[in-house]
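One structure is given here, and the rest of the page talks about it.
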Amino acid sequence: MFIAQQELQALMEKAKPYAENGNIPDYIPALHEMDENLFGIVIRKDNEIVAAGDADHRFTLQSASKVISLALALMDKGEEVVFKKVGMEPTGDPFNTIQALEEEEPSKPLNPMINAGAIAVTSLIAGSPEEKKRRLLDFVRELADNNKISICEKTAQSEWEHSDLNKALSYFMKSHNVIHGHIDELLDVYIKQCSIQVNCKELARIGSVIGGNGKDPVSGRQLIPPRIAAIIKTFMVTCGMYNASGEFAIRVGIPAKSGVSGALLGAHPNGIGFGIISPPLNEYGNSAAGIKVLEEVSQTYTLSIF
Ligand code: DON
């Protein structure tokens, strides 16, 4: 491995104060209860891992799940069907934006990383709502290599009770024929997908699969087709940090996806996976210290893909 444990620990200590610039979100009350001092990072390449901090602590994927649902929808339906419903362009707007939906003609969420696009993607996963949920959970278990991974029902319930904006986005999309069917059932799938719990070790493993062209680093099994892994990494670069994706590309240069839990999933095209948790978020809804530690690692070991 290119980095020793003490070196990772030192970079983490350097990034730690950046958590003080962030805030824990309160729009999902269960997330607001997260420990603001939680900080963990795991880097994985093939069978090797280097871990620092709270590497075994479980947290919900939140928007980091959007790359996983996109992979599944693309595997189920193919590029043509998926991109007829969801665009490929960055927004320059926050993750929960509704504005762009109204401006596009015909209406279509701009990309699969904002909430509207991710909800539309979840609707495209094959199966009934129950089957979608089970297939998403099974897919995360397979990517992370742990069949005990579960959904945090408490976080899901809390998000459900505060999901008016996602409901509004969904009804808007339904009225414009982007999505069909029962909105409450679809949102239940989307919220449960966001509430799947992993630790940094599992998140790094998922990152190493996506980074390594979709291949399981241990068994060599192709879990995601290479073309789909490439599409996902491209979205991570262009939209993974929402309207902070440009700055992140310049400072860090590693395909990554954030979640409002403070999760950060990194998938380097040379097969290095990163799993990071630090709950306080910056103004763009991305983990403040999480981004800093990834920037430190990337710059110290010249990992930028650009
Ligand atoms: O839909 C929501 O608002 C959350 N379940 C996920 C949002 C999220 O993680 C945004 N990312 N930073």
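The values are calculated or read from the model by the stated rules, or taken from the named source; none is laboratory data. None of the values given here were measured: they were computed from a predicted structure. Backbone-built Cβ (ideal geometry, glycine too); neighbour counts: all protein chains shown.
Any residue in segment 5-33 that is surrounded by fewer than 20 Cβ atoms within 10 Å (Cβ to Cβ) sitting within a Cβ distance under 7 Å of a residue that is among the hydroxyl-bearing types (S, T, Y)? List the pairs, counting only those 6 or more apart or interchain.
Close Cβ pairs satisfying both conditions: P29/S158; A30/T155; A30/S158.
Out of all the residues in segment 68-85, is one or more away from the ligand (no atom under 13 Å from the Cβ), of a type in the set (K, R) and closer than 21 Å to M241 by Cα?
No, the conditions are met nowhere in segment 68-85.
Within segment 146-171, which residues are crowded, with 17+ Cβ neighbours inside 10 Å and either more than 23 Å from D26 (Cα to Cα) or more than 11 Å from the ligand (Cβ to nearest atom) (or both)? Quick ask: steps written out before the conclusion?
Just the residues of segment 146-171 that are crowded, with 17+ Cβ neighbours inside 10 Å, to begin with: 149, 151-152, 155-156, 158-160, 163, 166, 169-170.
Selection gives I149, I151, C152.
Tell me, yes or no, whether segment 201-211 has at least one residue that is surrounded by fewer than 19 Cβ atoms within 10 Å (Cβ to Cβ) and either within 16 Å of the ligand (Cβ to nearest atom) or not assigned by TED's automatic domain parsing to the domain that holds D138 (or both).
Within segment 201-211, the first condition is being surrounded by fewer than 19 Cβ atoms within 10 Å (Cβ to Cβ), and the residues that meet it are none.
No: segment 201-211 contains no residue that is surrounded by fewer than 19 Cβ atoms within 10 Å (Cβ to Cβ) and either within 16 Å of the ligand (Cβ to nearest atom) or not assigned by TED's automatic domain parsing to the domain that holds D138 (or both).
Would you point out the residue of segment 122-145, among those that are among the small types (G, A, S) and surrounded by fewer than 17 Cβ atoms within 10 Å (Cβ to Cβ), that is nearest to the chain's Cα centre (by Cα)?
Quick first cut of segment 122-145, residues among the small types (G, A, S) only: 123, 126-128, 144.
When the remaining residues are screened for being surrounded by fewer than 17 Cβ atoms within 10 Å (Cβ to Cβ), the result is 126-128.
Values: A126: 20, G127: 22, S128: 23 Å.
Across segment 122-145, the extreme among qualifying residues is A126.
Is there a residue being under 23 Å from L38 (Cβ atoms), out of contact with any Leu (no Cβ under 6 Å at 6 or more places or on another chain), among the charged types (D, E, K, R) and outside the structural domain of S123 (by TED's automatic domain parsing) anywhere in segment 224-242?
Taking every residue of segment 224-242 in turn, none turns out to be under 23 Å from L38 (Cβ atoms), out of contact with any Leu (no Cβ under 6 Å at 6 or more places or on another chain), among the charged types (D, E, K, R) and outside the structural domain of S123 (by TED's automatic domain parsing).
Please go through segment 11-62 and pick out each residue that is polar (S, T, N, Q), in contact with a helix residue (DSSP H, G or I) (Cβ under 7 Å, 6 or more places away or on another chain) and at pLDDT 95 or above. Break it down stepwise before answering.
From segment 11-62, those polar (S, T, N, Q) are 21, 23, 37, 47, 60, 62; that's our starting set.
Imposing the further condition that a residue be in contact with a helix residue (DSSP H, G or I) (Cβ under 7 Å, 6 or more places away or on another chain) reduces the set to 21, 60, 62.
Answer for segment 11-62, where residues must be polar (S, T, N, Q), in contact with a helix residue (DSSP H, G or I) (Cβ under 7 Å, 6 or more places away or on another chain) and at pLDDT 95 or above: T60, Q62.
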